[in-house]
Amino acid sequence: MSLQTPVFPAEPTLFSLTDLAITSLTGADRVTYLQGQVTCDVNALQPGQSTLGGHCDAKGKLWGDFRLLCLSDRLLLLTKPSVLARQLPELKKFAVFAKVEFAENHGQAVGVAGQGTDEWMAARFAMSQTGLIDDGMAVQIEADRWLLVSDQPLALDLPAGSESLWWGLDIKAGIPHMEAVHQGEYIPQMLNLQALEGISFTKGCYMGQETVARAKYRGANNRALFVLAGTASEPVACGDALEIQLGDNWRRSGMVLNVWQQAGHVLITAVLPKDTEANARFRLKQEEGSSLALQALPYSLTE
């Protein structure tokens, strides 16, 4: 049986992104405040620009990863909703000393993806790259795939697609999305944030910065994010354990970060040892008949 993976729609398609939390930061100190909390260089962003990033505890373990959007009057942090219960109080911890305000559930997000989407965006918004739109921003994730965030509902006359396909395309692109079950497990490099330009090694101090720098300059990190595809008949969930085959035996190797599943086929991201061999065989711990194999990442891993 040939493996199936998420495929781009044949035409521009609209995806309602309900499994995405939008947190707004406003106030005169919003940039300088966030600069001291996260891995990416917030100071370097101009309105209409976006970056990935991570928010760590003092030991360099992630409270969450995010996509950051810079608008003229605010910053928007896009995360999975489940991480907010623990992440947001940590992010707000020192806000009493700064002119910064947080607002949850700010605006709405939709995705547009499919063949011809770049041309559609050029015709609809006169855009060829990430930038500002009325009441929000449009972020080009990759060719023919865009994320739109706006204060107001977007009237886009496009066929509707399944939200699970959108997240499946993120998995295929090697883009991580932490859920609550993963908090405190990984440093940013274990989610490949350095390869996705989500870590600045020149910005100066931030929470967890010593650990992140040590992982780069002393080779202290031995794990990375991988994409795996295969088959499973039972439902697969974030946090499920993976096992790797070693001879006739199986050994615990990592856990599922994100998953796309359809008709017995699965595509997942998982944090595994960096020296995992390309032909390694995996299965889900709870389903001995499942089978998973590594897929090529669409980017190169760097420290």
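Structure values in brief
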{"read-out": "Three-way shape call for the stretch 228-303 based on the alpha-carbon gyration tensor, with the a/c threshold at 1.5", "value": "oblate"}
{"read-out": "In the stretch 16-88, the trypsin sites (Lys or Arg not before Pro) that fall in loop regions by DSSP, at most 15 other Cβ within 10 Å", "value": "Lys59"}
{"read-out": "Share of carbon and sulfur in the accessible heavy-atom surface of the chain [1.4 Å probe, %]", "value": "48"}
{"read-out": "Shape category assigned to the chain from the gyration tensor of Cα positions, a/c cut at 1.5", "value": "oblate"}
{"read-out": "Sequence of Cys238, Cys40 when ordered by accessible area, the most exposed leading, probe 1.4 angstrom", "value": "Cys238, Cys40"}
{"read-out": "Surface accessible to a 1.4 Å probe, per residue, for the residues of the chain, Å²", "value": "45"}
{"read-out": "Efficiency of FRET from Cβ geometry, Ala44 and Asp73, R₀ 22 Å, rounded to 0.05", "value": "0.75"}
{"read-out": "Shape category assigned to the stretch 90-183 from the gyration tensor of Cα positions, a/c cut at 1.5", "value": "oblate"}
{"read-out": "With at most 16 other Cβ atoms within 10 Å, longest stretch of the chain clear of loop chymotrypsin sites (Phe, Trp or Tyr not before Pro) (DSSP)", "value": "95-200"}
{"read-out": "Cα gyration tensor of the stretch 1-158 - equivalent ellipsoid semi-axes, whole Å, descending", "value": "29, 19, 13"}
{"read-out": "Share antiparallel - DSSP beta bridges, the stretch 8-114, percent rounded to 5", "value": "100"}
{"read-out": "Value at 222 nm in deg cm²/dmol, rounded to 500, when DSSP H runs of n ≥ 4 in the chain each add -39,500 (n - 2.57)", "value": "-4000 deg cm²/dmol"}
{"read-out": "Mean Cα-pair separation over length for the stretch 35-194, i.e. relative contact order, pairs under 8 Å, 6 or more apart, %", "value": "26"}
{"read-out": "Spatial separation of Cα centroids for the stretch 230-303 and the stretch 134-193, in angstrom", "value": "22"}
{"read-out": "Restraint check, Lys172/Lys216; Lys92/Lys172; Lys93/Lys285; Lys92/Lys285; Lys61/Lys285; Lys92/Lys216, Cα-Cα greater than 30 Å", "value": "Lys92/Lys172; Lys93/Lys285; Lys92/Lys285"}
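The values are calculated or read from the model by the stated rules, or taken from the named source; none is laboratory data. Computed from a prediction, not measured in an experiment: that's the story for all the values here. When we count neighbours, we look across all protein chains shown, and the Cβ atoms used for this are built from the backbone with ideal geometry, even at glycine. Ligands, DNA and RNA are stripped out before the accessible areas are found, and what is left, the full protein with its side chains, is counted by its heavy atoms. Shrake-Rupley method; radii C 1.70, N 1.55, O 1.52, S 1.80 Å.
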